[in-house]
1. Can you flag which of 72/195; 85/209; 114/142; 161/209; 174/195 are past 29 Å Cα-Cα?
2. Counting only heavy atoms of protein chains, what accessible area per residue, in Å², does the chain have with a probe of 1.4 Å?
3. Can you send over the carbon and sulfur percentage of the accessible area for segment 169-230, probe radius 1.4 Å, protein chains only?
4. Find which of 71, 91, 46 sits farthest along the positive direction of the dipole of segment 1-106, computed with +1 on the beta-carbon of Lys and Arg, -1 on that of Asp and Glu, about the Cα centre.
5. Using modelled backbone amide H atoms (1.01 Å from N, in-plane), which distant-in-sequence or interchain residues come within less than 5 Å of residue 29's amide H?
6. Given Cα positions, please report Rg to Rh for the chain, the hydrodynamic radius being the Kirkwood one.
7. Calculated FRET efficiency, residue 188 and residue 106, Cβ-Cβ r, R0 22 Å, to nearest 0.05?
8. Can you tell me the dipole magnitude for the chain around its Cα centre, using point charges on the Cβ only (Lys, Arg +1; Asp, Glu -1), in Debye to the nearest 20?
Amino acid sequence: MAIRDNWLRFKDDFEHTAALCGRNPEHIGIMAVSKTRPVDDIIAAGEAGLSLFGENRIEEAMEKFSGLDMTKYPLYIIGHVQGNKVSKIGPRVAGVHSVDSLKIARKLSEQRSKSPEDGSPLEILVQVNTSGEESKSGFRDKVALRDAAAEIASMPSLMFKGLMTMAPFIDDEKTVRDCFSLCREWAQDVSAWIKETPVLSMGMSSDYKWAVAEGSTLLRIGTNIFGRRE
């Protein structure tokens, strides 16, 4: 019950925020970040109305989601993907929203091509490092990003959909919003290789209001849905 209540409370706040920013909340997706959460919590979130789920660790994700209906509980990897873990990303995974190098994109394309029976390309968001923090992965250079976008978009087993970024974990509105604004700017630079409106995965529980104001189309929400991790 707590998860449903959390979701309804967040949903009201989110919709109010979107209205204040002149945004249509229906144009902004909510991904439930279920890392470290048990399967029962994921099921509860789905029953409450959430329909996108993000996990950081591949092994944990595959273990928890293997028994869940992939049409109701689509799984997206949002954490750093190591090259030696790519082989574990099978048809159960709908997308990888944390592609931070061409090397990983090529490995993902090769891996996806081994599952022709699945038929659907792997949804890809390229991670960009707009904060300049050494602790964060992602492309930092616009030219390198454009070159990568062109190549990724040409890979038949992948579907390049947009960009993802993380702002610093600080309570400084200008700094955080500048990171989101830069991601939006870079998305326009690579929009020629995206068939639809670019997805901008920006904003988490602590900074989603600023992300909405800066044009996010996909929020990654964990704490505000599942509560704080113990």
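1. With Cα atoms farther than 29 Å apart: 85/209; 114/142; 174/195.
2. 48
3. Numbers: 1480 of 3250 Å².
Its accessible area is 46 percent carbon and sulfur atoms.
4. So the residue we want is 91.
5. Those qualifying (amide H under 5 Å, at least 5 residues apart or on another chain) are 218, 219.
6. Values: Rg = 16.8 Å, Rh = 17.8 Å.
Result: Rg/Rh = 0.94.
7. On the way: r = 25 Å, r/R0 = 1.14.
With a Förster radius of 22 Å, E is 0.30.
8. Computed about the Cα centre, the dipole is about 400 debye.
The values are calculated or read from the model by the stated rules, or taken from the named source; none is laboratory data. Keep in mind that this is a model prediction, so the values were computed, not measured. Neighbour counts run over all protein chains shown; Cβ positions are idealised from the backbone, glycine included. SASA here: full protein model, heavy atoms, side chains in, ligands and nucleic acids out. Shrake-Rupley method; radii C 1.70, N 1.55, O 1.52, S 1.80 Å.
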